[in-house]
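Okay, so here's the structure we're looking at.
A short reminder: the numbers here are calculations on the coordinates, not readings from a lab. All values reported here derive from a predicted model rather than from experimental measurement. Cβ: placed from backbone, ideal geometry, glycine included. Neighbour counts: every protein chain shown.
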Amino acid sequence: MSKNLFRVFRWLDPQKKLCKPIGLAFIISNNGIFITAKHVLTLRGKIKNPKLFGVLFLKNKEPLILTVRNILLHDKADIALGLLDNISNQNRRNHIEPEDFHLCMVIPDEGEEVSTFAYSKDTNILYNIYDLKINNEIKWAYGIVRKYYPNGRDSYLLPGPCVETSMTLEAGLSGGPVINKNGQIIGVNSTSFTGQEKDISYFTPINPIANISFETESEGKRIKTTLLDLVN
């Protein structure tokens with residue numbers, strides 16, 4: 001499942017090839033559909049595209065740079081869908097070797113164990129696209145579900161459905177997958193608060209975008225699909 005994880009970058013100076021990592025996302029289909037947190041792809045409520053791209057690392061550790069396009073944002077929940085350009089190319093797909101996708105729309109019960117994984121925090125905030133020496137070590141975090149907010153936790157930060165957990169998350173993990181005790185992806189990391197009496201993190205469940213229709217490509221044809229279609 002870790003092979004499906006990738007970093008999202010934003011161009012700071014395209015002419016000088018300078019960019020910065022802004023969050024994580026994970027691929028959920030062989031043709032490049034991915035899920036991430038909405039705030040990773042937006043700035044002041046507007047999509048950062050076309051300044052966004054994803055970086056996956058091939059088996060030989062070489063970076064594969066793919067444009068982010070076809071972004072769909074949920075109106076309230078901190079979750080979004082997108083497409084990595086040209087990932088459906090057969091040669092590139094053979095290099096990437098995405099793992100199985102197991103999505104689950106069921107909200108976990110209070111007390112249920114959940115986990116997440118992400119790349120280790122990187123101290124660099126600025127990269128040259130020709131020198132992407134990035135720490136790709138995977139770290140896991142574990143916790144339990146504390147509370148489900150079906151109508152949002154607040155009107156500003158988390159106005160859409162979200163789940164509170166006890167997982168301890170480092171900065172920069174927004175957009176990474178959250179996994180239930182059965183190994184299924186149930187949501188995406190949104191935000192966390194540390195340094196209090198207890199660590200608190202929040203993730204957005206996948207089900208708010210389950211029925212959103214979006215276009216993708218299959219065998220050279222443009223088709224419409226939903227996350228429910230991918231699950232079933």
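Structure data summary
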quantity	calculated
Amide proton proximity set for Gly187, modelled H, under 5 Å, gap of 5+	Val178, Ile206
Calculated on alpha-carbon atoms, Rg and Dmax of the range 113-208 in Å	14.5, 44
The range 1-78 versus the range 128-195: alpha-carbon centroid distance in Å	16
Proxy reagent accessibility, fewest Cβ within 10 Å first, across Leu126, Leu81, Leu72	Leu126, Leu72, Leu81
Residues Leu84, Leu52, sorted so that the one with the fewest Cβ neighbours within 10 Å comes first	Leu52, Leu84
Cβ-derived FRET efficiency at R0 22 Å, Ile129 paired with Thr42, nearest 0.05	0.50
Normalised per residue, the volume of the convex hull around the Cα set of the range 136-183 (Å³)	103
Neighbourhood charge, 15 Å Cβ-Cβ cut-off, centred on Ala80 and excluding it, Lys, Arg +1 and Asp, Glu -1	+4
